[in-house]
Structure formats: structure tokens, C-alpha cells
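Structure record follows, encoded as C-alpha cells.
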Amino acid sequence: MSHSLEGKRALVTGGASGIGAAAAHALAASGAQVIIADLDRAAAERVAREIGGSAWVVNLSDSTSVSDESLAAIVPGVDILVNNAGVQKVAPIEEFDPDDFRAILKLMLEVPFLLIRAALPTMYERGWGRIINVSSVHGLRASAYKSAYVSAKHGLEGLSKVTAIEAGGRGVTSNCVNPGYVRTPLVEKQIGDQAALHGIAESDVLSQIMLTESAIKRLVEPAEVADLIVWLASPAAAMVTGASYTIDGGWSAR
């Protein structure tokens, strides 16, 4: 079955780098018109130029930016919504700043809810839509020192399933993709944080911390996650909804 997305309009949050940029390129290569939503103006506009798309320079953590009025100018008419924007903070629970905890849950759980809420009405009108939530193996498993990130991703899994149940009869699917550690700036920043937290050299973080649970001992490449996103957006995945697709080198098999 064809994976062509000709005539479809996609919105990718956090689309200026990492998984988001790879997804934007892959969706555009399949024919979709892609909107890059990102805080980094220069990077968002660069990716948009590369793929012939458009940039929505936005701070999704700002309540004004995700108000009903603000979203109404961008989100209605989107056929494919990729909720990808995220941040990370590594710290023991007793040292975790509550404001940081709230900010991570807002960006990675509340904002996807608001975007889904804004996108569904026109998806329902057209009888077609794809909600693709970039979750994580941490949406299915936990790791120490990541209380906010793990909580947000577990919540995103639930939101995705509720969306699937509500929207399934109206031509809209909702799924999660669950990568392990991906070769992105977010993960690269964690290497230094994890080294300091565990008292080991940065060169030992991958082997001793990040990849200990994986059967395949390497980072996931952003393009590999993007290929899965394109498949979930395609007509070939019309009967796939409420699912969580791991791409974690076997981590969650344990």
C-alpha cells in the first residue's frame, strides 16, 4: 500500500532538530506540506526552507501561545499532528525543583492535549486524521532521576489511547512511538548530566547507563524514528490505533 501523503498538511512540534527535524524531512519527502513548530527561529526557518514547508516560531510553554485563539490560527486544517517537543531534567526526586516538574508536564503532556483538542474538529469534518505522539521507552518503563520525564511520557501514553478510543470511529488514529536513546541534542546533553550524577566519565555513560538494557548496543538514529512516523501517518496504517510502537533495540523486551 502507498505511503504517499500528497495533499496532507502536517504539524511537527520541536521540528527544528533531532527526531522532529528528521520527521519533518520524511513527511515532506512523502508529499506532505509540513509546518515546523519550534522556539528556535533560525533552525525552524532553516528546516522549513530545506523541505519547502513553513515555520511556526512559538514557545509552547507560554500559555498565551497555546490559548484557543492562538491555536485557532494554526492548528485547524492539520491532517497529521506529531507531538514531539520535549525537554529533560535529571535529578533525584528530593532535589527536583517542583517548578521544573510542572514545566515538563506542561510542555510534554498538557500541550499535546491542547493541540489534539484543537486539531480534532477539522479532522472529524474530513473523516481523516493522524495523531502521532513521540513518547519514549520511558512511557513504558521507568529510570531513576527522571521523575518528570517518565511521568509526562506515561501520561502521554494514556492521552494517546483515550484519543484513539474517541476518534477511531471518525477516521482519526492516535498512536505513540517509543524510542530508546536517540542520537539527538537532548540525549547528548544528558551524557554530561548522567556522568556527574553517577560519578563516572562521560565516555562510560552509554555503556554503563544508557544502553545497559538494550539488546542492540547503539543509539537509535532520528531517521529510523521518522520512518516509523511516516508509516503511522500513511494509508497503510489505517487500522493501527491506540498502539505504542517501540524502537528501542530490545530495551522493553526485558
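No lab work stands behind these numbers, since they all come straight from the coordinates. Source: prediction; values computed, not measured. Cβ atoms come from the backbone with ideal geometry, glycine included; neighbour counts cover every protein chain shown.
In the chain, the DSSP-assigned H stretches of four residues or longer account for a calculated mean residue ellipticity at 222 nm of -12000 deg cm²/dmol, using -39500 (n - 2.57) per stretch and the full residue count as denominator. The alpha carbons of segment 69-183 give a radius of gyration and a Dmax of 15.0, 48 Å, in that order.
For segment 151-235, place one equal point scatterer on every Cα, skip the solvent, and apply the Debye formula. What is log10 of I(q)/I(0) at q = 0.11, 0.20, 0.22 Å⁻¹? For segment 151-235 at q = 0.11, 0.20, 0.22 Å⁻¹, log10 I(q)/I(0) is -0.44, -1.00, -1.09. Cross-link pairs exceeding 32 Å between alpha carbons, from the set Lys8/Lys161; Lys8/Lys189; Lys161/Lys217; Lys153/Lys217: Lys8/Lys189.
Here's the picture: charge each Lys and Arg Cβ at +1 and each Asp and Glu Cβ at -1 in segment 90-141, and of Leu109, Ala91, Ile131 the one pushed furthest to the positive end of that dipole is Ile131. Both radii are taken from the alpha-carbon atoms of segment 1-119; with Rh as the Kirkwood radius, Rg/Rh is 1.02.
Relative to one another, the C-alpha centroids of segment 15-51 and segment 78-97 are positioned 19 Å apart. Rank Val220, Gly171, Leu232 by how far each Cα sits towards the positive end of the charge dipole of segment 136-246 (+1 on Lys, Arg Cβ; -1 on Asp, Glu Cβ) and give me just the farthest. Of the candidates, Gly171 comes out farthest on the positive side. With contacts taken as Cα pairs under 8 Å at a separation of at least 6 residues, the chain carries a relative contact order of 21 percent. For segment 186-254, the percent of C-alpha pairs falling in each 10 Å distance bin, counted from 0 to the bin holding the largest distance, reads 18, 36, 29, 13, 3.
Nothing charged except the Cβ atoms of Lys and Arg (+1) and of Asp and Glu (-1): what's the magnitude of the dipole of the chain about its Cα centre? Round to the nearest 20 debye.
Here the size comes out at about 600 debye.
Going from the residue with the fewest nearby Cβ atoms within 10 Å to the one with the most, Met210, Met239 rank Met239, Met210.
What whole-number distance in Å separates the alpha-carbon centres of segment 168-210 and segment 116-165? Each part's Cα centre sits 17 Å from the other's.
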